[in-house]
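Got a structure for you, questions after.
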Amino acid sequence: MTLRSLDLFCRVVDNYGDIGICWRLARQLRREHGLDVRLWVDDLVSFRRLCPQVAPDADTQLIDGVTVRHWRGQDGVYTAADVADIVIEFFACDIPPGYIAAMAECATRPVWFNLEGLTAEEWVEGCHRLTSPHPRLPLTKHFFFPGFTDKTGGLPREAALEAERLAFQSDPAAMTAFLAGLGVAEAELAATRVSLFCYPHAPVAALFDSWRQGGEALVCLVPEGVAADAVQAFLGVPPTAGAAATRGALTVRVLPFVPQPDYDKLLWACDLNFVRGEDSFVRAQWAGKPFVWHIYPQDENLHHKKLRAFLQRYAGALPALEQVSLAWNDAAPADGQGDWPARWRAFRAEMSQMAARAEQWRQQMLANGDLASNLVRFAASLR
Ligand code: TRH
């Protein structure tokens, strides 16, 4: 039986966490796989930040062909007719019990996935596609893991992404116009360009100091709301879009928080990108430019394990990248703290090797296919 419809349930964590990934996936499943996609989101106000078309008080709305449903809570009565052919709960987000009961009443049961978070740890390969039978109902859930090897679901990537990136990067006028549209001044175009997206606890002030004292002109482009305290301290004025200041070799410029497609362009237009969480981290990998990852913090420093697992796969031959990544995430060994100006000097000297590695890594990731296609293919095989 053909799979035609899909329900994706997403809970927004910590401002807009996770909706970045789900919104991208929902659009791709609609556009490239022709599925009738409903995206259930519990926090439309946060969602609107990434997607300005979102009306925060609408129960149901259609955006880019995706039906967006306000997921108001766990109550609610559902029938088999409400259930999609594929049901995805993102990151074990617990879909409403009434919906699960309705799933069990379907003549043909839906294909049910728990789509997990991205990690480079090796155990993922053993858990990818594992089944989890419901304790009471005749339903089976499958775990689906994004990942970095061909024994995982791969990374999210739209079919046209590579072509779009190549077109943009081979058109300097388009790049200049894009940056000018974000307020980047012409005089800043000659400097080394860095985009900055991180959680508030990153040691931004120390990094700014290193750049300020460094020997090369560097412009740091920071979307509004990111690292607000450190940016304000550097600028001396509130960090609203358009604010900028130059001190020593460093110019910090606050950009508007751009819509998702423009965020890709920003990554493509920079020499180095600081990214965070999951979605921007993946986009930086597709950008094929050097990047530093700020991982979302977890209890008992579990995130440090995940960071190391990634660095082991990615940065084996890039010691300065490893050092900076560990220090950026407060995971450097006590005796390896060093200071930021020294770390940055080593990092800068290694950047051309990082660029080569980024390119090689992108090719490697491309070979794993993309998450949406891998998921749809697997879902079809279960029918
Ligand atoms: O939102 P995040 O902090 O996401 C995280 C991760 O998913 C993490 O695993 C999770 O547990 C945590 O949330 C709660 O960072 P992420 O994943 O990079 O998503 C941010 C999105 O914002 C991404 O889609 C890129 C987008 N973005 C823009 O569209 N415009 C911008 O200007 C910027 C800076 C980001």
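The values are calculated or read from the model by the stated rules, or taken from the named source; none is laboratory data. Given the structure is predicted, the values throughout are model-derived calculations rather than measurements. Counting neighbours? That spans all protein chains shown, and the Cβs are built from the backbone with ideal geometry, glycine included. We work out accessible area using only protein heavy atoms, side chains counted, and drop any ligands, DNA or RNA first. Shrake-Rupley method; radii C 1.70, N 1.55, O 1.52, S 1.80 Å.
For the stretch 125-185, what's the radius of gyration and Dmax over Cα atoms, in angstrom?
21.0, 62
Let me ask something else about it. What span do the alpha-carbon atoms of the stretch 161-367 cover on each of the three principal axes, reported in whole Å from largest to smallest?
Rounded to whole Å, the extents work out to 43, 41, 32 Å.
For the charge dipole of the chain, defined by +1 on Lys and Arg C-beta atoms and -1 on Asp and Glu C-beta atoms about the Cα centroid, which residue among 6, 274, 39 has the Cα displaced farthest towards the positive pole?
Positive-most Cα among the choices belongs to 6.
Further question: For the stretch 234-360, what is the percent of antiparallel DSSP beta bridges, rounded to the nearest 5?
If we restrict to bridges inside the stretch 234-360, about 50 percent are antiparallel.
Quick check: residue separation of residue 190 and residue 232 times 0.36 nm, minus the Cα distance between them. What number comes out in nm? Mind showing how you got there, number by number?
Working: separation 42, 0.36 × 42 = 15.12 nm, distance 2.43 nm.
Roughly 12.7 nm would be gained on extension.
Roll a 1.4 Å probe over the protein heavy atoms and report the accessible area of residue 366 in Å², nearest 10.
50
Next question, about the same structure. Could you sort the peptides 165-176, 31-42 by per-residue average Cβ neighbour count (10 Å cutoff), highest mean leading? Walk me through the intermediate numbers first.
Values: 165-176: 13.0, 31-42: 19.7.
Ranking, from highest mean packing down: 31-42, 165-176.
What translational diffusion coefficient, in µm²/s and rounded to a whole number, does the Stokes-Einstein relation yield for the chain at 25 °C and a viscosity of 0.890 mPa s, taking the hydrodynamic radius as the Kirkwood radius over Cα pairs?
Translational D for this selection: 111 µm²/s.
Of 255, 160, 326, which is farthest towards the positive pole of the chain's charge dipole, taken about the Cα centre with +1 and -1 on the beta-carbons of Lys, Arg and Asp, Glu respectively?
Toward the positive end, the furthest listed residue is 160.
Can you tell me the 0 to 90 degree angle between the C-alpha axis of helix 302-314 and the longest principal axis of the chain, rounded to 10?
Tilt relative to the chain: about 70 degrees.
If the only charges are +1 at each Lys and Arg Cβ and -1 at each Asp and Glu Cβ, what is the size of the charge dipole of the stretch 1-152 around the Cα centre, to the nearest 20 debye? Intermediate results must be reported in sequence, preceding the final value.
On the way: 16 positive and 21 negative charges, 62 e Å.
Magnitude of the dipole: close to 300 debye.
Tilt of helix 319-328 relative to the longest C-alpha principal axis of the chain, in degrees (0 to 90, nearest 10)?
For helix 319-328, the angle is close to 70 degrees.
For the chain, find the longest principal axis of its Cα atoms and tell me its angle to the long axis of helix 204-213, 0 to 90°, nearest 10.
That helix lies at roughly 30 degrees to the long axis.
Please state the charge dipole magnitude for the chain, taken about the Cα centre, from unit charges on C-beta atoms (+1 on K and R, -1 on D and E), reported in debye and rounded to the nearest 20.
500
Treating only the Cβ of Lys, Arg, Asp and Glu as charged (+1, +1, -1, -1), what charge dipole size does the stretch 161-367 show about its Cα centre? Round to the nearest 20 debye.
280
Starting from 0 in steps of 5 Å, tell me what percent of the Cα-Cα pairs of the stretch 67-109 lands in each bin.
The distribution over the stretch 67-109 is 5, 22, 30, 30, 12, 1, given as percents.
Number of Lys pairs in the chain with C-alpha atoms less than 26 angstrom apart, excluding same-chain neighbours closer than eight positions?
Lysine pairs meeting the criterion: 8.
Sticking with this structure for a sec: What nm value, rounded to one decimal, do you get for the distance between residue 302 and residue 160 when each label is placed 7 Å out toward the C-beta?
3.8
Could you work out the helix-only [θ] at 222 nm for the chain, with each DSSP H run of four or more residues adding -39,500 (n - 2.57) and the total divided by the number of residues, to the nearest 500 deg cm²/dmol?
Taken over the chain, the calculation gives -12000 deg cm²/dmol.
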